[in-house]
1. Just list whichever of Lys490/Lys569; Lys497/Lys517; Lys6/Lys251; Lys310/Lys569; Lys251/Lys310 have alpha carbons separated by over 20 Å in the model shown.
2. Note the full-extension length gain between Leu130 and Met24 as 0.36 nm times their separation in residues minus their Cα-Cα distance, in nm to one decimal.
3. What's the center-to-center distance, using Cα atoms, between the stretch 159-178 and the stretch 524-561 in Å?
4. What FRET efficiency comes out for the pair Arg287/Lys517, r = Cβ-Cβ distance, R0 = 60 Å, nearest 0.05?
5. Once fully extended, how much extra length lies between Ala35 and Leu324, figured as 0.36 nm per residue of separation less the alpha-carbon to alpha-carbon distance?
6. If you keep only loop residues by DSSP, which trypsin sites (Lys or Arg not before Pro) in the stretch 94-161 have at most 10 other Cβ atoms within 10 Å of their Cβ?
7. With each pseudo-label sitting 7 Å past Cα toward Cβ, what's the Glu407-Ile17 distance in nm, one decimal?
8. Would you mind getting me the FRET efficiency between Ala312 and Val45? Use the beta-carbon distance for r and R0 = 51 Å, nearest 0.05.
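Laboratory data are not the source of any read-out in this text; all were calculated from the coordinates shown. Values in this document were obtained by computation on a predicted structure and should not be read as measured data. Cβ atoms come from the backbone with ideal geometry, glycine included; neighbour counts cover every protein chain shown.
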Amino acid sequence: METLKKSRDYQSAIITIGLATWLMAFAQLLSDYPAQDQLEFLFLVPVIIAVGLSPQRFRLPLGLSFSKEKVSFTLSDAIVVLVACWYGFSPAVLLAGIEGFTSSRRTAKRLSSNLFSSGMMALGAAAAALTLMAVLRFAFSMTVPARNKDFLAVSIAILAANLVQMAVNITLLSILMALRHGDPVSRHWKGLLGASVLFLPTSSTASLMYMALQYDLWLMMVVGGPIFLTLHLWLRVYRDNVQKRIAAVEKAHRETIEALAVAINAKDEVTHDHVLRVQIYAAGVARLLDCSEEEIEALKAGALLHDIGKIAVPDYILEKPGKLTAAEFEKMKIHTIAGAQILGRVEFPYPIVPIVRHHHERWDGQGYPDGLKANEVPLTARILSVVDCFDAVREDRQYRKGLSREEAIALILKGSGTQYDPKVASTFIAHLSEFEAEIEARRHLPPPTFGIEPIERLSEAARRVPPASGLAEDLGEKKSPQSAFEDQAKAISELAKAVISERDRDRMLEAFADRLKSVVDYDTCAITLITPETGLNTVAHAAGRHADALKGRRISLGEGVTGWVIANKKPFCNTDPKLDLPPQLADYFSAYRTLAVFPVMKEGAIYGAVTLYSASLLCYTVEHHRRLEEAASLMAAALSVDEEFSAIWPREKSLVRRKRTEPDIESEFAS
């Protein structure tokens, strides 16, 4: 943010000084020059504008940080130096300022960029004119205007003026680029100096034009024609070679982006549909807000790469289905800084790093990582935060249902002025239908993959390769479907009998966990129950490895996988067991591979959850899910029977429960 402020201050200073110089030259032209020279100057203005609007422009290898910058080679510089020689200081400065503005307007529609170009060219022309006057006066005892003077002396003065003009322009532009990118000035100066070869022929051009004015037009054509033709052909070859190099660099950056996208997908959920929509939204808003092409390209890349820093965030935080704790959220915030550091090592040709670092800043200054406020936040980051949030909240997540279009619009409008830039939010909502039409128009096209989808599969030979430690042996022979069904039915029956036969809650839970192992395999089982009068979720019983560490553990609503299941009344299976546990318990389960959590529910009433952790299974199958759902239903039925007498489970109520007969309980299961 500091670099952006410095670059803007510098840009304003050059505009102010350049405009003051231009106005001074204009006043001098009106007061000191004869009417004949003023009329000739007015004739030169449309000429210089025409030349400025139709340049040969080349993208030059000026360093990766700004390889998309355009440097123009035209006859305008030669004309400016020639005017300085033929008319003097003021007309040269005036023409240079006009040419700088018109040629800049062709490639950039931002007034600040146009005025900076005009100011820079005016200052360069002023330095060139002063140099030409100094060389002629002190080296050859001549004065300006230098008409019909010694050709050698004038050519030397023009060459010196041209070199000074080039040096001033390169220096002023290098300082701006260095401040904008936070780089040393020397780095950009050397890069621009590599393009100076294109400016050197301007002195020869100006000298030939001086000769034509002094002698004869035909002579200039005979002498200068071959030179101009050679320059034209050489510049075309140079341009083609440069463009090939730029295309290779851009291809390398695209491939870098795709490689980074694959890394993101390894840690976080990224879909090509989401990325494409966000890119269309962001680019559309950026154009409406007069962002440069480089900023638009940065937004397109930022839509894909803004969360690259999540590589540095632990898996158990990224994949946690419930709410994050304060400590976990502090770790999550680091992804903005880590992402900026990662991408800062890749010299992108557009400013993507500010987007990645600041896309979680807020308009009211309550964001992170730097707590920037209002316009302190880069515009590109403000745009991405709006459009990415809008599209993300409309997609379903494992911890919430996606919002409708109207609900998402209401969310953005609600955050306007606090979380989001009001201008960005209003612009996006006002033109949302246009962006959606563009998205719809692209639906028939093959979606870009951004390197996200896997394109390779293991060969048959690779599938036959065993692990270095060998494969675990299959336990027993495969049974027939009929035999497997009978075993399953028997296991469920035994589980039901165990639950029915016990009158004490603790013994019932113990019997349930013991018999459940024959229904669904596990290494650790935890049964969490809700205390209605307090709303607390407590592990009432645990069995298997590390059971003692889990017993009595209190789980907040939404905390971990178990808390999420209780809060949402939906099962959740096959994720890292450490996501369900606080850090102090996660170490016990470092070797575990999967879990399954099912709500204990009956007729919409939630009593708790059954959580199974496994170190041996890769995942719980659909068949496991069905069995565990049936087992959880049995427990819910048992709990609902007891709840008819009391909403809680005090031990002193056990005598009342003993008066209930076994057929009464069985009737509850039958219902």
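1. Violating the 20 Å limit, Cα to Cα: Lys490/Lys569; Lys6/Lys251; Lys310/Lys569; Lys251/Lys310.
2. 36.7 nm
3. Each part reduced to its Cα centre gives a spacing of 72 Å.
4. 0.45
5. Working: separation 289, 0.36 × 289 = 104.04 nm, distance 7.81 nm.
Result: 96.2 nm gained on full extension.
6. Numbers: sites: Arg105, Arg106, Lys109, Arg110, Arg137, Arg147, Lys149; in loops: Lys109, Arg110, Arg147, Lys149.
The qualifying sites: there are none.
7. The modelled label-to-label distance comes out at 5.8 nm.
8. 0.30
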